[in-house]
Amino acid sequence: QVQLVESGGGLVQPGGSLRLSCVASGNIFRINTMAWYRQAPGKQRELVAAITSGGSTNYADSVKGRFTVSLDNAKSTVYLQMNSLKPEDTAVYYCKSNLWALREVAYDYWGRGTQVTVSS
(Lines give C-alpha, C1' and ligand atoms only; values in the text may rest on other atoms or scores of the structure.)
Protein backbone atom coordinates (compact mmCIF):
# COMPACT_ATOMS: atom_id res chain seq x y z
CA GLN A 1 0.00 0.00 0.00
CA VAL A 2 2.87 2.38 0.83
CA GLN A 3 6.10 2.36 -1.13
CA LEU A 4 9.33 4.32 -0.80
CA VAL A 5 11.64 4.72 -3.78
CA GLU A 6 15.11 6.24 -3.51
CA SER A 7 17.06 7.79 -6.34
CA GLY A 8 20.14 9.92 -6.93
CA GLY A 9 22.92 7.58 -5.89
CA GLY A 10 26.02 7.09 -7.93
CA LEU A 11 29.78 7.45 -8.13
CA VAL A 12 31.35 10.73 -7.07
CA GLN A 13 34.87 11.91 -6.33
CA PRO A 14 35.92 12.92 -2.81
CA GLY A 15 34.80 16.46 -2.13
CA GLY A 16 31.93 16.16 -4.56
CA SER A 17 28.20 16.32 -4.00
CA LEU A 18 25.13 14.19 -4.53
CA ARG A 19 21.47 14.76 -3.88
CA LEU A 20 19.35 11.80 -2.90
CA SER A 21 15.58 11.75 -3.20
CA CYS A 22 12.99 9.46 -1.69
CA VAL A 23 9.37 9.54 -2.76
CA ALA A 24 6.67 7.96 -0.64
CA SER A 25 3.59 6.86 -2.52
CA GLY A 26 0.35 5.17 -1.61
CA ASN A 27 -2.54 5.93 0.68
CA ILE A 28 -0.66 8.33 2.95
CA PHE A 29 -2.58 10.26 5.56
CA ARG A 30 0.22 11.93 7.49
CA ILE A 31 3.99 11.72 7.58
CA ASN A 32 5.52 11.79 11.05
CA THR A 33 9.20 11.51 10.21
CA MET A 34 11.41 10.66 7.28
CA ALA A 35 14.98 9.58 7.66
CA TRP A 36 18.07 8.41 5.84
CA TYR A 37 20.10 5.44 6.98
CA ARG A 38 23.19 3.95 5.45
CA GLN A 39 24.93 0.62 5.57
CA ALA A 40 28.39 -0.24 4.36
CA PRO A 41 29.50 -3.84 3.73
CA GLY A 42 30.18 -5.60 7.01
CA LYS A 43 28.83 -2.67 9.00
CA GLN A 44 25.63 -2.09 10.91
CA ARG A 45 22.98 0.16 9.47
CA GLU A 46 23.22 3.63 10.98
CA LEU A 47 21.03 6.70 11.09
CA VAL A 48 22.38 9.53 8.95
CA ALA A 49 19.69 12.20 9.14
CA ALA A 50 16.05 12.53 10.10
CA ILE A 51 13.37 15.15 9.74
CA THR A 52 9.88 15.54 11.13
CA SER A 53 6.93 16.88 9.20
CA GLY A 54 7.33 20.06 11.25
CA GLY A 55 10.89 20.53 10.05
CA SER A 56 12.92 19.44 13.06
CA THR A 57 16.13 17.66 12.07
CA ASN A 58 18.76 15.39 13.54
CA TYR A 59 22.10 14.42 12.05
CA ALA A 60 24.79 11.93 12.80
CA ASP A 61 27.90 13.64 14.10
CA SER A 62 29.88 12.35 11.14
CA VAL A 63 27.76 14.28 8.63
CA LYS A 64 26.91 17.48 10.49
CA GLY A 65 27.81 20.50 8.43
CA ARG A 66 28.07 18.46 5.24
CA PHE A 67 24.63 16.89 4.75
CA THR A 68 21.25 18.58 4.73
CA VAL A 69 17.92 16.79 4.94
CA SER A 70 14.72 18.43 3.78
CA LEU A 71 11.11 17.40 3.33
CA ASP A 72 8.49 18.42 0.82
CA ASN A 73 5.29 17.46 2.59
CA ALA A 74 3.09 18.14 -0.42
CA LYS A 75 5.09 15.72 -2.54
CA SER A 76 5.82 13.24 0.27
CA THR A 77 9.45 13.48 -0.74
CA VAL A 78 12.55 13.69 1.43
CA TYR A 79 15.91 14.85 0.11
CA LEU A 80 19.44 14.42 1.33
CA GLN A 81 21.92 16.94 -0.02
CA MET A 82 25.39 15.53 0.50
CA ASN A 83 28.34 17.87 0.14
CA SER A 84 32.05 17.45 0.76
CA LEU A 85 31.69 13.72 0.35
CA LYS A 86 34.34 11.44 1.80
CA PRO A 87 35.25 7.84 0.97
CA GLU A 88 33.85 6.80 4.34
CA ASP A 89 30.44 7.98 3.16
CA THR A 90 30.36 5.06 0.73
CA ALA A 91 27.35 2.91 1.56
CA VAL A 92 23.89 1.91 0.50
CA TYR A 93 21.56 4.68 1.60
CA TYR A 94 18.07 3.72 2.70
CA CYS A 95 15.03 5.89 3.12
CA LYS A 96 12.69 5.25 6.04
CA SER A 97 9.39 6.89 6.76
CA ASN A 98 7.22 6.69 9.84
CA LEU A 99 3.77 7.62 8.67
CA TRP A 100 0.07 7.17 9.07
CA ALA A 101 -1.61 5.43 6.18
CA LEU A 102 -5.34 5.89 5.83
CA ARG A 103 -7.18 3.46 8.13
CA GLU A 104 -3.89 2.20 9.57
CA VAL A 105 -1.71 2.91 12.59
CA ALA A 106 1.63 4.66 12.31
CA TYR A 107 4.23 2.36 10.82
CA ASP A 108 7.80 2.35 9.57
CA TYR A 109 8.33 1.87 5.85
CA TRP A 110 11.66 1.26 4.15
CA GLY A 111 12.94 1.78 0.64
CA ARG A 112 15.21 -0.65 -1.16
CA GLY A 113 18.24 1.63 -1.01
CA THR A 114 20.52 3.44 -3.43
CA GLN A 115 24.27 2.99 -3.71
CA VAL A 116 26.59 5.91 -3.03
CA THR A 117 30.25 5.40 -3.85
CA VAL A 118 32.86 8.05 -3.10
CA SER A 119 36.13 7.26 -4.80
CA SER A 120 38.86 8.90 -6.83
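The values are calculated or read from the model by the stated rules, or taken from the named source; none is laboratory data. Note that the structure is predicted; figures quoted are calculated from it, not measured. Positions of Cβ are generated from backbone atoms using ideal geometry, with glycine treated the same way; all protein chains shown enter the neighbour counts. The protein model used for the area step is the full one, side chains on, heavy atoms only, and it has no ligands, DNA or RNA in it. Shrake-Rupley method; radii C 1.70, N 1.55, O 1.52, S 1.80 Å.
Could you check the range 8-53 and list, in sequence order, the residues that are under 25 Å from ALA74 (Cα atoms) and either in contact with a Pro (Cβ under 7 Å, 6 or more places away or on another chain) or among the small types (Gly, Ala, Ser) (or both)?
Matches in the range 8-53: GLY8, GLY9, SER21, ALA24, SER25, GLY26, ALA35, ALA49, ALA50, SER53.
Could you please find all residues in the range 49-71 being β-branched (Val, Ile, Thr) and either modelled with pLDDT under 95 or crowded, with 20+ Cβ neighbours inside 10 Å (or both)?
Result: ILE51, VAL63, VAL69.
In the range 85-118, what count of residues is obtained for those that are of a type in the set (S, T, N, Q) and either free of Cβ contacts under 8 Å to residues at least 12 places away in the same chain or open to solvent by 60 Å² or more (accessible area, probe 1.4 Å) (or both)?
Total satisfying the criteria: 1.
Hey, does the range 26-39 have a residue that's in a loop (DSSP other than H, G, I, E, B), in contact (Cβ under 8 Å) with a residue 40 or more places away in the chain and open to solvent by 60 Å² or more (accessible area, probe 1.4 Å)?
yes
Just checking, which of VAL69, VAL12 is among the β-branched types (Val, Ile, Thr) and touching a residue at least 60 places away in the same chain (Cβ under 8 Å)?
Testing whether each residue is among the β-branched types (Val, Ile, Thr) and touching a residue at least 60 places away in the same chain (Cβ under 8 Å) leaves just VAL12.
Could you run through the range 72-84 and say how many residues are under 16 Å from GLY9 (Cβ atoms) and either open to solvent by less than 30 Å² (accessible area, probe 1.4 Å) or within 10 Å of the chain's Cα centre (by Cα) (or both)?
Initially, the range 72-84 is screened for residues under 16 Å from GLY9 (Cβ atoms), giving 77-83.
Adding the requirement that they be either open to solvent by less than 30 Å² (accessible area, probe 1.4 Å) or within 10 Å of the chain's Cα centre (by Cα) (or both) leaves 77-82.
Total satisfying the criteria: 6.
In the range 59-105, which residues are over 21 Å from GLY42 (Cβ atoms) and of a type in the set (Gly, Ala, Ser)?
Residues satisfying the conditions are GLY65, SER70, ALA74, SER76, SER84, SER97, ALA101.
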